[in-house]
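A.B. asks: Before I ask anything, here is the structure I am working with.
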Amino acid sequence: MRFLMTLWWMVVAVVIGIFSYRNWDDVTLALWGPLQADIKLPLLMALMIALGALPVWLVMRGRLWAVKRKLMVHERPIVTAPPVPMPVHTESEDTLAP
């Protein structure tokens, strides 16, 4: 199974490499006012994918943090009073009774 995952990621890397090679063109972004920025198309796409994944990643990290906090509360040892020693019954006490 590990081999198939490695093969899959190799195929994805090759497809991304071919796409990047064939589309290595400048894209002009109109920022605000007269400002413009030139950036390569594959870099722009990678930046947009990263910006799109950022909110999902932040939500996931927030939920993991909340779950870990709840687990820490439940795994905390319960503090109780020390056990009260039980009286020991001996034979000498039996012989003293009338």
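A.B. asks: How would you classify the chain from its alpha-carbon gyration tensor, with a ≥ b ≥ c the square roots of the eigenvalues: rounded for a/c under 1.5, else prolate if a/b is greater than b/c, otherwise oblate? Show your work: numbers first, answer last.
C.D. replies: On the way: a/c = 12.08, a/b = 3.22, b/c = 3.75.
Here the chain falls in the oblate category.
A.B. asks: Further, regarding this structure: How far is helix 2-22 tilted off the main Cα axis of the chain, in degrees rounded to 10, range 0 to 90?
C.D. replies: Around 30 degrees separate the two axes.
A.B. asks: Assuming R0 = 25 Å, what is the FRET efficiency of Leu43 and Trp65, from their Cβ-Cβ distance, to the nearest 0.05? Present the calculation step by step, with values, prior to reporting the outcome.
C.D. replies: Numbers: r = 32 Å, r/R0 = 1.27.
So, using R0 = 25 Å, E works out to roughly 0.20.
A.B. asks: Further question: Loop only per DSSP, at most 14 neighbouring Cβ atoms within 10 Å: give me the chymotrypsin sites (Phe, Trp or Tyr not before Pro) in the stretch 7-69, ordered by residue number.
C.D. replies: Working: sites: Trp8, Trp9, Phe19, Tyr21, Trp24, Trp32, Trp57, Trp65; in loops: Trp24, Trp32.
Passing sites in the stretch 7-69 are Trp24, Trp32.
A.B. asks: Figure the gain on full extension for Gln36 and Val15 (residue separation times 0.36 nm, minus the Cα-Cα span) and round it to one decimal in nm. It would help to have the intermediate numbers written out before the result.
C.D. replies: On the way: separation 21, 0.36 × 21 = 7.56 nm, distance 3.00 nm.
Taking 0.36 nm per residue and subtracting the Cα distance, the gain is 4.6 nm.
A.B. asks: So what is the calculated 222 nm ellipticity per residue for the chain, using -39500 (n - 2.57) for each DSSP H run with n of 4 or more, over all residues, to the nearest 500 deg cm²/dmol? Could you put the intermediate results ahead of the total?
C.D. replies: Working: 3 runs with 62 residues, N = 98.
Using -39500 (n - 2.57) per qualifying helix, the result is -22000 deg cm²/dmol.
A.B. asks: Can you figure out the FRET efficiency of Met1 with Val27, using R₀ = 35 Å and their beta-carbon distance, to the nearest 0.05?
C.D. replies: On the way: r = 39 Å, r/R0 = 1.13.
Approximately 0.35, to the nearest 0.05.
A.B. asks: Just the projected area, averaged over all directions, of the convex hull on the alpha carbon atoms of the stretch 3-51: how many nm²? Spell out each step's value before the answer.
C.D. replies: Working: hull surface 15.8 nm².
Projected area, direction-averaged: 4.0 nm².
A.B. asks: So what's the angle, to the nearest 10 degrees on a 0 to 90 scale, between helix 41-75 and the longest Cα principal axis of the chain?
C.D. replies: 10 degrees
Bear in mind that the values in this text are calculations on the coordinates, not laboratory data. Note that the coordinates shown come from a computational prediction; the quantities given were computed from them, not determined experimentally. Note that each Cβ is placed from the backbone with ideal geometry, even for glycine, and that neighbours are counted across all protein chains shown.
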